[in-house]
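Shown next, in structure tokens, is the structure this report addresses.
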Amino acid sequence: MTTDLVRVALPAGGLGVHLAELKRRWWTLHYVPDAENPVVIAGAYWHEDFVDVVQIFGPVESIAYRAPMRPGWDAFRPRSLVWSFKGEPNWSIRNVLLLHDPEEPLAPRIEASPLPECQILPQLLRHHGTFVVESPRQPPRVMTVPPPAQPLPELGEPRA
């Protein structure tokens, strides 16, 4: 993965269709620094004790993962993963949507260390200072990243 600040292309088909599917399935989307010219698009879907995440860094670079969630843990700075995929954005989205729900017997459960790419989004947040959150339950809103001495805000909110 690269950390070059390349804008994510949002064509009418392809990736746009897959992002629309995430919204239809109640995923919260995050655009850094904004929805009009995103450098990264991140999506999250909260289960009771896990979160499914997709992070799109460019037209051919993305990661998807399922991470356990415990009190004080951040979905976009995971401490461990139970499943991950790295590749082209459409495939990342397709693969994460095919995962069994965490409560199902075939769902992934074995924890492993997070991918190095999981550190890209926090770096980009520090660089840009703002991001837009598009939640299925609330209107889009702009969030500001605090100065480096303070912790980054929790990205998104758990499902109700």
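The values are calculated or read from the model by the stated rules, or taken from the named source; none is laboratory data. Computed from a prediction, not measured in an experiment: that's the story for all the values here. Methodologically, a virtual Cβ is constructed for each residue, glycine included, from the backbone with ideal geometry; neighbour enumeration extends over all protein chains shown. Note: areas computed on protein heavy atoms with side chains; ligands, DNA, RNA excluded. Shrake-Rupley method; radii C 1.70, N 1.55, O 1.52, S 1.80 Å.
In table form, for the structure just shown:
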quantity	calculated
Where a residue in the stretch 21-44 is charged (D, E, K, R) and its partner, wherever it lies, is open to solvent by less than 10 Å² (accessible area, probe 1.4 Å) and outside any strand (DSSP E or B), with Cβ under 8 Å and at least six apart	21/93
Any hit, the stretch 123-131, residues being closer than 18 Å to residue 22 by Cα and assigned to a strand (DSSP E or B)	no
Some residue of the stretch 49-56 being among the acidic types (Asp, Glu) and more than 21 Å from residue 15 (Cβ to Cβ)	yes
Any chance residue 44 is farther than 14 Å from residue 122 by Cα and open to solvent by 10 Å² or more (accessible area, probe 1.4 Å)	no
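Conditions (1) crowded, with 18+ Cβ neighbours inside 10 Å; (2) in contact (Cβ under 8 Å) with a residue 60 or more places away in the chain; (3) of a type in the set (Lys, Arg), marked per residue:
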site: 56; (1), (2), (3): yes, no, no
site: 62; (1), (2), (3): yes, no, no
site: 75; (1), (2), (3): yes, yes, no
site: 85; (1), (2), (3): yes, no, no
site: 91; (1), (2), (3): no, no, no
site: 99; (1), (2), (3): yes, no, no
site: 112; (1), (2), (3): no, no, no
site: 124; (1), (2), (3): yes, yes, no
site: 138; (1), (2), (3): no, no, no
